[in-house]
Amino acid sequence: MTDTMARVASETDMTFEFPQQLFIDGAWTDAAAGDRFDVTNPATGAVLAQIADGRRDDARRALDVAVATQQAWADTPPRERSEILRRAYELILEHADELAMLITLEMGKPLADARGEVSYGAEFFRWFAEEAVRVGGDHTLSGDGKTRIIVTREPVGPCVVVTPWNFPLAMGTRKIGPALAAGCTVVFKPAEQTPLTALYLAHILSLAGLPDGVVNVVTTTTPAEVVGYWLDSGQARKLSFTGSTEVGRILLAQASKHVMRTSMELGGNAPFIVCSDADIDTAVEGAITAKMRNMGEACTAANRLYVHADVVEEFTRRFAERMAALRLGPGWEDGVQVGPLIDADALRKVESLVRDAVERGARVATGGESPSEGLLYPPTVLADVSPDCELASTEIFGPVAPVFTFTDDDEAVRRANDTEWGLVAYIFTRDIDRAFRLAGRLEVGMVGINTGLVSNPAGPFGGVKSSGIGREGGRWGIDEYLEYKYLAIPRR
Ligand code: ADP
C-alpha cells in the first residue's frame with residue numbers, strides 16, 4: 001500500500017493499513033485547508049487515527065469530479081459496471097477481517113456483529129451487480145394506436161450519499177451498490193464517528209477497478225457545510241440519506257431547492273407485539289435479535305414491546321434472563337456480545353430514559369444501572385411501563401427494552417400506530433390469519449412475523465410516515481437511482 005495508508009497497531013493483535021485521506025478522482029488527498037480530526041474508539045476513548053477534515057472547497061472538488069464523470073459512467077456497458085461491483089463484493093469478503101475490525105474499533109459493536117455487517121454489506125454489491133444488467137424499459141401503443149410509447153430508464157445523475165455511524169459499511173454499500181449499478185456517480189459523506197470503514201470501502205472499490213471519479217468520499221466534522229454545498233449546487237440530482245428524522249427534515253428542505261430526487265431512511269419506534277398464542281421461545285429469541293442487534297443502536301430496534309397480559313409474566317421473566325446473560329466488554333474480546341454505546345450523549349440519553357420510566361412506576365427486571373466507567377450500558381428490561389413515559393415516544397438507540405401490556409389485538413394495533421414513525425413492526429403469533437390481519441393494519445414499511453430481523457439485501461427496506469421515503473434493497477432498490485424517459489413516436 002502507499003504512504004497514504006497509515007499502519008496502525010490497535011488495541012488488538014491485528015496490524016493493518018487503512019486510508020486516512022479524502023478520496024477524490026481516484027486519488028487519496030489531504031483536505032485543501034490541511035485540517036484533520038480524531039477518530040476515537042468508543043470502548044477505550046483512545047484516538048484511532050487522525051483523518052482529513054474536508055470543507056467546502058473539498059466538497060466542490062469532489063462534486064465537480066462526480067459531475068464530470070457522470071456521462072462516461074452512464075455510458076459504461078452494464079456488464080462492466082456489474083463486474084466491478086462483483087469484484088468489489090469479493091474483495092470485501094477477502095478483506096472481511098480488516099473491515100470487521102475497523103467497524104468494531106470505530107463503532108463499538110462486537111466483532112461477531114461486525115462480521116455479520118460485512119457479509120450483509122457485501123451482499124448489496126453482489127445483489128446490484130446482478131441488477132445492473134437487468135435494467136429494462138418498455139414499449140407500448142397509445143390507446144388510439146397512433147403513437148409508439150417507448151420508455152427508457154436512465155441514471156438519475158450524480159448522487160449525494162450521506163450515512164450514519166451505526167452500520168458504517170452496510171449503509172454505504174446499500175446506497176452505492178444501486179447507484180453504481182444504475183450508472184450514477186457518487187459523492188459520499190460518511191458519519192464523522194465512523195469514517196475509517198467508509199474510506200476502506202473506497203479503497204476496495206478502487207482495487208476492484210472502479211474508474212477514477214465515480215465514487216468520491218469527503219470525510220468531515222462540518223457535515224452541514226459539505227452536504228449543504230452539494231444540495232445547494234444544483235449539480236447533484238439525487239440525495240440518499242440514512243440518519244435521524246431531525247437531520248432528514250433539514251436535508252429534505254435543502255433538497256427542495258433544486259427539487260432533487262430523495263431516498264430517506266430516518267428514525268423508527270418499532271412496536272414488537274407478542275400475542276397470547278405466541279410461541280414464547282421464538283418471541284424471546286426474536287426480542288433478543290430485534291433489541292440487541294447493534295446494542296439497540298439501529299432504527300429497526302424493538303423500541304416498544306407490547307405483550308399480551310396472558311403471557312407477559314412468562315415472556316418478561318425469560319427475556320430478562322436471556323438479556324442478563326449477555327456479556328459486556330470491548331467488541332474485539334472473545335465472547336463479548338454487547339459493546340459500548342457510541343458516545344457519552346448516547347449513554348446519558350439512555351440513562352435519562354430509564355430514570356424517567358422508573359420514576360413513573362416501571363420495574364427493573366434486569367439491568368438499569370450503568371457501570372461507573374466507559375460507555376457500556378447493561379441490557380435492560382423494564383416491566384409494567386407506563387404508556388406516558390418518554391421511552392414510548394423516543395427512539396431509545398440503546399439496549400433498553402420497555403415491556404407494555406395489552407389485552408386485545410385492536411388495542412395493540414392502536415398503540416403500535418400511535419407514533420409519528422412507521423419503519424418496522426414485529427408480530428409474534430402462531431395464527432397466520434391473525435398475523436396477516438395485524439400486519440395489514442400496522443402503519444409501517446416492514447413487518448417481521450415470528451422473527452426479530454427484517455434487514456435483508458433481497459427485500460425492500462424502508463418506512464412510512466416520518467420514517468422516510470423510498471426503499472433500499474431487492475429489485476426495488478435500483479429504482480431510486482433511475483428516471484423514466486418516455487419517447488413518443490408517431491406510428492406510420
Ligand atoms: P445520528 O443521530 O444517527 O448520528 P444524524 O442524523 O445526526 O444521525 O447523522 C447522520 C448523518 O447525517 C451523518 O453522516 C451526519 O454527519 C450527517 N449530518 C448531521 N447533521 C447534518 C447536517 N446539518 N447537514 C448534513 N448532514 C448532516
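Of the residues making up the stretch 273-280, one or more are out of contact with any helix residue (DSSP H, G or I) (no Cβ under 9 Å at 6 or more places or on another chain) and in contact (Cβ under 8 Å) with a residue 40 or more places away in the chain. Of Thr282, Thr289, all but one fail to be of a type in the set (Val, Ile, Thr), within 18 Å of the chain's Cα centre (by Cα) and in a helix (DSSP H, G or I); the exception is Thr289.
Only residues that are open to solvent by 40 Å² or more (accessible area, probe 1.4 Å), at pLDDT 95 or above and either outside the structural domain of Pro178 (by TED's automatic domain parsing) or in a loop (DSSP other than H, G, I, E, B) (or both) were counted in the stretch 98-136, giving 3.
Only helices (runs of 4 or more DSSP H) whose full extent lies in the stretch 189-258 are considered here, and the ones with at least 2 residues that are open to solvent by less than 10 Å² (accessible area, probe 1.4 Å) and away from the ligand (no atom under 14 Å from the Cβ) are 195-207.
What residue, of Ala290, Ala324, is open to solvent by 20 Å² or more (accessible area, probe 1.4 Å), small (Gly, Ala, Ser), more than 16 Å from the ligand (Cβ to nearest atom) and on the phi < 0 side of the Ramachandran plot? Break it down into steps so the answer makes sense when it comes.
Values: Ala290 fails: open to solvent by 20 Å² or more (accessible area, probe 1.4 Å).
That would be Ala324, the only listed residue that is open to solvent by 20 Å² or more (accessible area, probe 1.4 Å), small (Gly, Ala, Ser), more than 16 Å from the ligand (Cβ to nearest atom) and on the phi < 0 side of the Ramachandran plot.
A single member of Val385, Val354 is assigned to a loop (DSSP other than H, G, I, E, B) and among the β-branched types (Val, Ile, Thr), and it is Val385.
Select from the stretch 61-85 the residues that are of a type in the set (D, E, K, R) and buried (at least 17 other Cβ atoms within 10 Å of the Cβ) and write down the one among them that is nearest to Pro158 (Cα to Cα).
By that ranking, first place goes to Asp64.
Filtered by the rule that a residue be out of contact with any Lys or Arg (no Cβ under 9 Å at 6 or more places or on another chain) and away from the ligand (no atom under 14 Å from the Cβ), the stretch 259-268 gives a lone residue, Val259. Scoring Phe272 on the criteria (1) at positive phi; (2) assigned to a strand (DSSP E or B) leaves a single failure, condition (1).
Evaluating Ala181 against the criteria (1) crowded, with 24+ Cβ neighbours inside 10 Å; (2) within 10 Å of the ligand (Cβ to nearest atom); (3) within 23 Å of Arg471 (Cα to Cα) leaves one unmet condition, (2).
The values are calculated or read from the model by the stated rules, or taken from the named source; none is laboratory data. All figures in this text were calculated on a predicted structure; none of them were measured in a lab. Neighbour counts run over all protein chains shown; Cβ positions are idealised from the backbone, glycine included. Accessible surface is based on the protein model in full, side chains and every heavy atom, while ligands, DNA and RNA are left aside. Shrake-Rupley method; radii C 1.70, N 1.55, O 1.52, S 1.80 Å.
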